[in-house]
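The next block holds one structure in the form of structure tokens; read it before the comments.
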Amino acid sequence: MIVATTLPSETEPGSRVATAGRSPGRTFIRDVVQRTGLTFRAVRLYEERGLIVSTRDPLGRRWYDADMSERLAFISLARRAGLSLAEIGDLLKTGDRHGHPRRVSDSLVLLRRRLAELDRQRDAVKACLSELDGGAPDP
């Protein structure tokens, strides 16, 4: 889970970095990218698709509050599980006011369906390999 944190320059006394416009709990896009392993392009795409919402500071930089940071962590996890953005969007629509998936049973059903699909694909790949190997058993 991603937690929004302040940047070191915001809390260090005597810092020369200007902190105007920053406040605790904001996570800038660069920090989200570093923490999640997502790309800038992916984060922007999720925003374009309406899965997340950012706020802009006076310099036009995107930042995310704690709820959006948690949402990005969920999206990243769901993408690694093989869910499409449409499926993730459906799960997020069933969420609470912050977009946290509320109905775990919906998530489980979707993930089990995805797992069954992957099992069928694995079986098809094994059959194809077996055919190419001339019927030889798997190593």
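The values are calculated or read from the model by the stated rules, or taken from the named source; none is laboratory data. Please read all numbers here as calculations on a predicted model, not as lab measurements. Here the Cβ positions follow ideal geometry from the backbone for every residue, glycine too, while neighbour counts run over all protein chains shown.
For this structure, a couple of remarks:
- Hey, SER130 out of contact with any Cys (no Cβ under 6 Å at 6 or more places or on another chain), at pLDDT below 80, surrounded by fewer than 17 Cβ atoms within 10 Å (Cβ to Cβ) and among the hydroxyl-bearing types (Ser, Thr, Tyr) or not: no
- Looking only at segment 44-83, and only at residues there that are acidic (Asp, Glu) and surrounded by fewer than 18 Cβ atoms within 10 Å (Cβ to Cβ), the one that is nearest to LEU108 (Cα to Cα): ASP67
- All told, ARG97 falls short of being modelled with pLDDT of 90 or more and basic (Lys, Arg).
- Considering the conditions (1) in a helix (DSSP H, G or I); (2) in contact with a Leu (Cβ under 9 Å, 6 or more places away or on another chain), LEU83 is excluded by exactly one of them, (1).
- Residues (charged (D, E, K, R), at pLDDT below 85 and closer than 11 Å to LEU83 by Cα) located in segment 100-124: ARG114
- Among all residues of segment 16-31, there is at least one that is exposed (fewer than 14 other Cβ atoms within 10 Å of the Cβ), at pLDDT below 50 and either polar (S, T, N, Q) or under 28 Å from LEU77 (Cα atoms) (or both).
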